[in-house]
1. What is the one condition in (1) under 24 Å from the mean Cα position of the chain (by Cα); (2) among the aromatic types (F, W, Y); (3) at pLDDT 95 or above that F243 does not satisfy?
2. Can you say whether C36 is in contact (Cβ under 8 Å) with a residue 24 or more places away in the chain and near the ligand (Cβ under 6 Å from one of its atoms), as far as the supplied structure shows?
3. Residues to consider are V350, V311; find the one that is assigned by TED's automatic domain parsing to the domain that holds E373, modelled with pLDDT of 95 or more and in contact with a Pro (Cβ under 9 Å, 6 or more places away or on another chain).
4. Taking the residues in segment 33-51 that are at pLDDT below 95 and part of a loop (DSSP other than H, G, I, E, B) as candidates, determine which candidate is surrounded by the most Cβ atoms within 10 Å (Cβ to Cβ).
5. Any chance you could count how many residues in segment 100-149 are in a strand (DSSP E or B) and of a type in the set (S, T, Y)?
6. Which condition number does P339 fail, the rest of (1) within 30 Å of A142 (Cβ to Cβ); (2) of a type outside the set (A, V, I, L, M); (3) crowded, with 24+ Cβ neighbours inside 10 Å being met?
7. Those residues that are under 30 Å from D136 (Cβ atoms) and within 10 Å of the ligand (Cβ to nearest atom), I need them from segment 167-210; list them, please.
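The values are calculated or read from the model by the stated rules, or taken from the named source; none is laboratory data. The model shown is predicted, which means the values in this text are computed figures rather than measured ones. Cβ atoms come from the backbone with ideal geometry, glycine included; neighbour counts cover every protein chain shown.
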Amino acid sequence: MKHFDVAVCGGGIAGVAAALAAARRGKKVILIEKQCVLGGLATAGLIYIYLPISDDRGVKIAGSLTEELLLRCQEYGPFAVSEKWGGISGADCGGAGERYFCCFSPAGYELTLEKMIRESGVELYLDTVVTGVRCDGKNRIAGAEIFCGAEKESISADCFIDATGGACLLRMAGAKVFPETNYITPWFMEINRNTKSAYYLTGDLYIKTIPAPAEDGSMKEVLSAAETQEFLRRQYREIRRYFDAMSAEERKGAYPVNLPVMPQLRKIARIDGISEITSGEAGKFRADSVGIAADWRQAATAWETPYGALVPKDVRGALAAGRCINTSLDAWEVFRVIPAAAMTGEAAGVAASMCSERMVEPEDLPVSDLQHELRKNGVIIHIDDVK
Ligand SMILES: Cc1cc2nc3c(=O)[nH]c(=O)nc-3n(C[C@H](O)[C@H](O)[C@H](O)COP(=O)(O)OP(=O)(O)OC[C@H]3O[C@@H](n4cnc5c(N)ncnc54)[C@H](O)[C@@H]3O)c2cc1C
């Protein structure tokens, strides 16, 4: 059985950031991703806007890997950050104005992310599903079962990171989670010579978003196999309905070129963490903050991220990263996006490395030591640090 210092489950933006952060500390890291591409929803889900990492005063509020991953998303794509942030003006996508953000080609970003992971020395398992966990008597995750092709393997690690977007690893270990409702708004890539859409790529190429249909746009929680199948079927139905409504002539100038290969669920499940971030906590000082998330909807507000929101209450030997950390209500809206996934991923990657170095549990890691290491990386810890 292969043993790792840090095992990262899920290769979305949070998992990539976690794996890079741990590998850059010299750790032996495995990154396991069930798709054959990295990036998760951001790429396989055709989400192509790396939302802002600045506030409305023109102040950058996230650095280190969150900024590096933003800058690298330009590498194989037609977009660039604005002049103000040291680049050239990119296409007007997402309405984020002069804030520090960037759009990207999903396929281009997949190429970059794989290159970054390869260069970091992380052992990458693509097209591999984590199918089970092994816990010891103290409800500590000691190992996981993975499945690729027709082969099963067992791995073990000093510390696991659940970056699966829906807390899959921790759920398999019996952790309590809180699900959330979703609504159906398919995003897909189309050629359209008839009408312009809001989300423009190049030429006649668009990311088309279909607003949730009034009669059946919303879904209850999407946790079970049956709920997932129902959600995916409805997505297909809505996309077909959009093209079916066109005349034969219109169909010559408008057709799909790429569909998402992941369920476009905004929120699946969040962990029951030692701390919670919830509505009304914008601008609030959190002594154990490990980074700041910009509010992508309102430029003025920023949110501190308590380390305890990454630490499950009921399972040991593991941390959460990305959109399954413990954020509720309005805070989940703020933290479920790409830059926050990168920021929490880096925090989890550094924390897991330190747990491996010191042979301590995530809940026993002194937060001031973690903050010190994150600051050395260039992470901005508190809102006051940039005032
Ligand atoms: C319609 C829609 C529009 C959005 N628009 C934007 C936007 O414009 N800008 C923005 O910043 N954000 C947007 N988001 C949100 C954003 O894309 C995601 O929330 C963010 O990318 C989440 O990153 P993550 O790494 O936490 O999770 P994910 O991207 O979900 O990554 C989790 C990864 O884990 C893998 N995985 C899961 N289970 C297993 C398993 N058992 N074994 C192995 N691998 C596993 C998955 O395949 C996936 O790759 C949007 C989301 C939706 C649904």
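1. (1)
2. For C36, the condition - in contact (Cβ under 8 Å) with a residue 24 or more places away in the chain and near the ligand (Cβ under 6 Å from one of its atoms) - is not met.
3. Numbers: V350 fails: in contact with a Pro (Cβ under 9 Å, 6 or more places away or on another chain).
V311 is the lone residue from the list that is assigned by TED's automatic domain parsing to the domain that holds E373, modelled with pLDDT of 95 or more and in contact with a Pro (Cβ under 9 Å, 6 or more places away or on another chain).
4. Checking each candidate, the answer is Y48.
5. The first filter runs over segment 100-149 and keeps only residues in a strand (DSSP E or B), leaving 102-103, 123-125, 128-135, 140-148.
Then drop every residue that is not of a type in the set (S, T, Y), which leaves 125, 128, 131.
Count: 3.
6. With (1) within 30 Å of A142 (Cβ to Cβ); (2) of a type outside the set (A, V, I, L, M); (3) crowded, with 24+ Cβ neighbours inside 10 Å applied to P339, the lone miss is (1).
7. Going through segment 167-210, the residues under 30 Å from D136 (Cβ atoms) turn out to be 167-179.
Scanning segment 167-210 gives A167, C168, L169, R171, M172.
Conditions (1) in the same structural domain as E98 (by TED's automatic domain parsing); (2) near the ligand (Cβ under 7 Å from one of its atoms); (3) surrounded by fewer than 24 Cβ atoms within 10 Å (Cβ to Cβ), marked per residue:
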| residue | (1), (2), (3) |
| --- | --- |
| I13 | yes, yes, no |
| A19 | yes, no, no |
| A22 | yes, no, no |
| K28 | yes, no, yes |
| L31 | yes, no, no |
| I53 | yes, no, no |
